[in-house]
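I have placed the structure first, in the form of structure tokens, so that the comments after it can refer back to it.
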Amino acid sequence: MNRADVAARVIAWFAAHARPLPWREPDAGPWAVLVSEFMLQQTPVARVLPQYAAWLERWPTPTALADDEPADAVRAWGRLGYPRRAQRLHAAATAIRDHHGGAVPADHDALLALPGVGAYTAAAVASFGFGQRHVVLDTNVRRVLARLEGGQAFPPASLTRAEVTRAQSWLPDDPAQAAAWAAASMELGALVCTADSPACERCPVADACAWLRAGRPAWDGPPRRGQTYAGTDRQCRGVLLGVLRAADAGVPRAQLLAAWPADAAQAERALASLITDGLARSRGDGTISL
DNA sequence: AAGACGTGGCT
DNA sequence: TAGCCAAGTCT
């Protein structure tokens, strides 16, 4: 029962059970993969699906997006969340237009240099978009490996060097197989080896799982801190940005701030941070716009 | 390197 | 219901 055999079974399971997602279709090129990866950062598949289709229809190439305004991208992002991702995707498209001839680069380091592209996204695009061999370590794969080999219910709070080393040891030698493993191990985590109530009875490698063998012990590490949201600056920013997204023209400053009546000082602070981040701009006539 | 950064669905 | 969680990145 070596890693290659276990990985092969996960890949076979994927062939039979993978969801038919548009960015995995044969006609989805690197640009489609890049767009999907940006949208999927911390956002569930179900909410990404409609936005993804609309986005690619409007901007079928990086250059098409780069030639429009960043504000258009933020508005089209809608309610996907973390609107800075829209801003960064626009910036990445601009870099692709200006420095890569309009084609998404295949080189891992070139991908990593793009705005909003970190270790995961660079590896994912190189792997799914170009069939290369990279460690693709997202939250799903981290959890799968933590259980399968580590015997722990969850991975550490932040990505460790040990996890990367472990993931490397699972990567098939052949590039095509490595890319298949990346997609399959992610899908296994998303559909079977889920964070809560994992479906071990449907797991193709349950017999090889250290965590299941140990009786599925509960997480005994440090408490994973929750994400409080109500009343935070983040929520306030979201409300203000929602108003700006919906507006055709600039919104009078006072009217915008009135959208967060609970705490005027907080609204001022949130607006200032949005402007600093380039997600909102103050216009000459005293109005605010995207 | 811990914390900021949106949003909505599920239990 | 309130908290947890979702294909992370940046500082």
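Yes or no: segment A:209-225 includes at least one residue that is modelled with pLDDT of 95 or more, in contact with a Pro (Cβ under 8 Å, 6 or more places away or on another chain), more than 16 Å from DNA strand B (Cβ to nearest atom) and not in a loop (DSSP other than H, G, I, E, B).
yes
State the number of residues belonging to segment A:24-45 that are within 10 Å of DNA strand C (Cβ to nearest atom) and either over 22 Å from A:L188 (Cβ atoms) or within 13 Å of the chain's Cα centre (by Cα) (or both). Don't jump to the end; show me each part of the working.
Our first condition is that a residue be within 10 Å of DNA strand C (Cβ to nearest atom); within segment A:24-45, this holds for A:24, A:33, A:36-45.
So of that shortlist, the ones also either over 22 Å from A:L188 (Cβ atoms) or within 13 Å of the chain's Cα centre (by Cα) (or both) come out as A:33, A:36-45.
Qualifying residue count for the region: 11.
Give me the residue from segment A:104-142 that is part of a helix (DSSP H, G or I) and among the small types (G, A, S) and, out of that set, nearest to A:T43 (Cα to Cα).
Of the residues in segment A:104-142, the ones part of a helix (DSSP H, G or I) are A:108-112, A:119-130, A:139-142.
Narrowing further to those that are among the small types (G, A, S): A:110, A:119, A:122-124, A:126-127, A:129.
On the way: A:A110: 25, A:A119: 17, A:A122: 18, A:A123: 18, A:A124: 16, A:A126: 21, A:S127: 20, A:G129: 20 Å.
Among those that are part of a helix (DSSP H, G or I) and among the small types (G, A, S), it is A:A124.
Of all residues in segment A:80-134 being buried (at least 18 other Cβ atoms within 10 Å of the Cβ) and in contact with a Ser or Thr (Cβ under 7 Å, 6 or more places away or on another chain), which is farthest from A:P62 (Cα to Cα)?
A:H134
For segment A:144-174, give me each residue that is surrounded by fewer than 16 Cβ atoms within 10 Å (Cβ to Cβ) and either in contact with a Cys (Cβ under 6 Å, 6 or more places away or on another chain) or part of a helix (DSSP H, G or I) (or both).
If the condition is that a residue be surrounded by fewer than 16 Cβ atoms within 10 Å (Cβ to Cβ) and either in contact with a Cys (Cβ under 6 Å, 6 or more places away or on another chain) or part of a helix (DSSP H, G or I) (or both), then A:R161, A:A162, A:V164, A:T165, A:Q168, A:S169 are the ones that fit.
If a residue has to be over 19 Å from the mean Cα position of the chain (by Cα) and more than 17 Å from A:A206 (Cβ to Cβ) to count, how many in segment A:132-153 make the cut?
Of the residues in segment A:132-153, 2 are over 19 Å from the mean Cα position of the chain (by Cα) and more than 17 Å from A:A206 (Cβ to Cβ).
Being away from DNA strand B (no atom under 16 Å from the Cβ), among the small types (G, A, S), in the same structural domain as A:V135 (by TED's automatic domain parsing) and under 24 Å from A:S127 (Cβ atoms) is true for just one of A:A8, A:A64. Which residue is that?
Checking each option against the conditions leaves just A:A8.
Does any residue of segment A:16-29 turn out to be in the same structural domain as A:L137 (by TED's automatic domain parsing), aliphatic (A, V, I, L, M) and part of a helix (DSSP H, G or I)? Spell out the reasoning first.
Step one: of segment A:16-29, the residues in the same structural domain as A:L137 (by TED's automatic domain parsing) are A:16-29.
Now restrict to residues that are aliphatic (A, V, I, L, M): A:16, A:18, A:21, A:28.
Applying the additional criterion that residues be part of a helix (DSSP H, G or I) yields A:16.
Yes, that holds for at least one residue.
Would you please list the contacts, defined by Cβ atoms under 6 Å and residues six or more apart or on different chains, that run from a residue in segment A:63-80 that is under 17 Å from A:W31 (Cα atoms) to a residue that is surrounded by fewer than 18 Cβ atoms within 10 Å (Cβ to Cβ)?
Going by the 6 Å Cβ cut-off, the qualifying pairs are A:T63/A:G102.
It is to be established whether one or more residues within segment A:222-236 are among the small types (G, A, S) and in contact (Cβ under 8 Å) with a residue 40 or more places away in the chain.
The initial filter retains those residues of segment A:222-236 that are among the small types (G, A, S), namely A:226, A:230-231.
Those left that are additionally in contact (Cβ under 8 Å) with a residue 40 or more places away in the chain: none.
Within segment A:222-236, not a single residue is among the small types (G, A, S) and in contact (Cβ under 8 Å) with a residue 40 or more places away in the chain.
The values are calculated or read from the model by the stated rules, or taken from the named source; none is laboratory data. Note that the coordinates shown come from a computational prediction; the quantities given were computed from them, not determined experimentally. Here the Cβ is made from the backbone with ideal geometry for all residues, glycine too, and neighbour counts use every protein chain on show.
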